[in-house]
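S.K.: This is the structure, below, for whatever I ask next.
The values are calculated or read from the model by the stated rules, or taken from the named source; none is laboratory data. This structure is a prediction, so every number in the text was calculated from the model and none was measured. Heads up, the Cβs are rebuilt from the backbone with ideal geometry, glycines too, and the neighbour counts pull from every protein chain shown.
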């Protein structure tokens with residue numbers, strides 16, 4: 001049963017599990033057959049605990065001090081879904097050789113639950129802003145959308161290509 005009380009409790013446990021930096025605590029909240037979609041960070045969608053463990057462990061390696069704080073929990077109990085809007089704070093990965101910190105927003109989208117455990121997940125967050133804050137990407141300098149991304153590839157201003 002997914003009602004507002006279920007989602008409130010799940011959101012609280014979700015944040016505590018991630019902030020514990022203990023992979024098993026996160027896995028305890030997910031169904032063994034979890035479908036996980038975070039292709040912002042990971043190269044492909046993930047199915048099952050074994051693959052999810054590798055993903056979570058990699059997060060701790062890349063951002064060992066990452067912290068999450070709930071901004072708002074949006075629920076759709078009749079549909080069995082919720083959206084956990086968070087603020088994420090982390091120091092740049094060690095390979096950047098800097099102690100820059102980034103603060104960004106994102107969403108954990110809970111698309112389905114089985115037996116009280118998260119079984120279908122989608123992540124959405126802005127990784128390019130995080131990378132700019134770390135000093136790994138140049139400023140946007142007023143470029144919008146794909147124009148900025150193309151500039152990173154050295155393809156110039158999209159307006160020049162028309």
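S.K.: Is it the case that the stretch 136-148 has a residue that's under 19 Å from residue 42 (Cα atoms) and in a strand (DSSP E or B)?
M.R.: No, the stretch 136-148 has no match at all.
S.K.: If I filter the stretch 54-67 for residues that are in contact with a helix residue (DSSP H, G or I) (Cβ under 7 Å, 6 or more places away or on another chain), surrounded by fewer than 13 Cβ atoms within 10 Å (Cβ to Cβ) and in contact (Cβ under 8 Å) with a residue 24 or more places away in the chain, do I get at least one hit?
M.R.: Checked against the condition, which is being in contact with a helix residue (DSSP H, G or I) (Cβ under 7 Å, 6 or more places away or on another chain), surrounded by fewer than 13 Cβ atoms within 10 Å (Cβ to Cβ) and in contact (Cβ under 8 Å) with a residue 24 or more places away in the chain, the stretch 54-67 yields at least one hit.
S.K.: Related question: I need the full set of residues from the stretch 21-41 which are at pLDDT 95 or above and in contact with a helix residue (DSSP H, G or I) (Cβ under 8 Å, 6 or more places away or on another chain), in order please.
M.R.: Residues of the stretch 21-41 that are at pLDDT 95 or above, as a first pass: 21-38.
Matches in the stretch 21-41: 21, 23, 25, 26, 27, 28, 29, 30, 32, 34, 36, 38.
S.K.: Right, next: Residue 40 is checked against (1) farther than 29 Å from residue 5 by Cα; (2) over 13 Å from the mean Cα position of the chain (by Cα); (3) in contact (Cβ under 8 Å) with a residue 24 or more places away in the chain and fails just one. What number does that condition carry?
M.R.: The failed condition is (2).
S.K.: Of all helices (runs of 4 or more DSSP H) completely enclosed by the stretch 1-118, which ones contain at least 2 residues that are within 28 Å of residue 135 (Cβ to Cβ)?
M.R.: Answer list for the stretch 1-118: 4-20, 49-62.
S.K.: Considering each of 150, 73, 137 in turn, give the residue that is more than 13 Å from the chain's Cα centre (by Cα) and in contact (Cβ under 8 Å) with a residue 60 or more places away in the chain.
M.R.: 73
S.K.: Hey, another quick one. Does at least one position in the stretch 111-132 carry a residue that is in contact with a strand residue (DSSP E or B) (Cβ under 7 Å, 6 or more places away or on another chain) and either without any contact (Cβ under 8 Å) to a residue 24 or more places away in the chain or over 23 Å from residue 18 (Cβ atoms) (or both)?
M.R.: Checked against the condition, which is being in contact with a strand residue (DSSP E or B) (Cβ under 7 Å, 6 or more places away or on another chain) and either without any contact (Cβ under 8 Å) to a residue 24 or more places away in the chain or over 23 Å from residue 18 (Cβ atoms) (or both), the stretch 111-132 yields at least one hit.
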